[in-house]
Amino acid sequence: MYYKPFVQFFIGKRSYMELKPEKSVPARHDHQNCIDTALQEAERVLEDKGARMTGIRRLVLQYIWRNHCAVKAYDILGFLGDRKGSAKPPTVYRALQFLQDHGLVHRLESLNAYIGCPYPAENHNGQFLICNDCGTVKEFTTPEILRAVDIAADTQGFEVSHQTHEVLGRCQDCREQGNGLD
Ligand SMILES: [Zn+2]
Ligand SMILES: [Zn+2]
Ligand SMILES: [Zn+2]
């Protein structure tokens, strides 16, 4: 039985979805499990949408999930270049666009980089906590933020087409390490 990590509720004509905040991922954990889960989810989401996971798309997604930090396109190009000999930039950008279009990755505007989405089955706006020290990115969704943006946009007669919220700072692990004796 697939566990859906969200509740959806309705306010007026708009619907907001609350994703459970991504569990704090400890620096040391079974990351292979994160990768396996993400790839399984991706297969499931694509199958539901009648889309296909090709070799290159899987490799790109796998590389993006290599850890919990955002990945630049040129890092992916370097990785695929090493692996496949000749990964052309358009191939990588097409794969990234596909993964983005199907909600499997998000693009972080402030870093010009990509992060895997832990909730690919759910249509949502990305909200992210980005650590300036270690680069870890955590996704969350707080409906109150979306409501506040809606109110502000309505007041201005502005139609929102897309929004991501990127919050920069220092993660718990880095803060705790910073409080150590060294
Ligand atoms: Zn992990
Ligand atoms: Zn997401
Ligand atoms: Zn950190």
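At-a-glance table
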quantity	calculated
Within the range 130-149, tally of residues that are touching a Gly at 6+ places or on another chain (Cβ under 9 Å) and more than 16 Å from HIS106 (Cα to Cα)	3
Single unsatisfied condition, PRO118 versus (1) out of contact with any Asp or Glu (no Cβ under 6 Å at 6 or more places or on another chain); (2) within 16 Å of ligand 1 (Cβ to nearest atom)	(1)
Residues satisfying the stated conditions in the range 78-119, i.e. within 18 Å of GLY55 (Cβ to Cβ), among the charged types (D, E, K, R) and outside any helix (DSSP H, G or I)	LYS88
Pairs where the first residue, in the range 64-85, is under 24 Å from ARG28 (Cα atoms) and the second is loosely packed, with under 15 Cβ neighbours inside 10 Å, C-beta under 7 Å, 6+ apart	ASN67/HIS31; LYS72/ASN112
Looking only at the range 102-119, and only at residues there that are within 16 Å of ligand 3 (Cβ to nearest atom) and of a type in the set (Gly, Ala, Ser), the one that is nearest to the chain's Cα centre (by Cα)	ALA113
Of all residues in the range 120-130 being over 8 Å from the mean Cα position of the chain (by Cα) and in a loop (DSSP other than H, G, I, E, B), the one that is surrounded by the fewest Cβ atoms within 10 Å (Cβ to Cβ)	ASN123
Residue check, GLN32 among the polar types (S, T, N, Q), at pLDDT 80 or above and closer than 19 Å to GLU122 by Cα	no
Any pair with Cβ under 8 angstrom, 6 or more apart, that starts in the range 157-173 at a residue that is at pLDDT 90 or above and assigned to a loop (DSSP other than H, G, I, E, B) and ends at one that is within 16 Å of ligand 1 (Cβ to nearest atom) and among the basic types (Lys, Arg)	CYS171/LYS138
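The values are calculated or read from the model by the stated rules, or taken from the named source; none is laboratory data. From a predicted model like this one, the values you see are computed outputs, not experimental measurements. Reconstructed Cβ throughout: ideal geometry from the backbone, glycine too, with neighbour counts over all protein chains shown.
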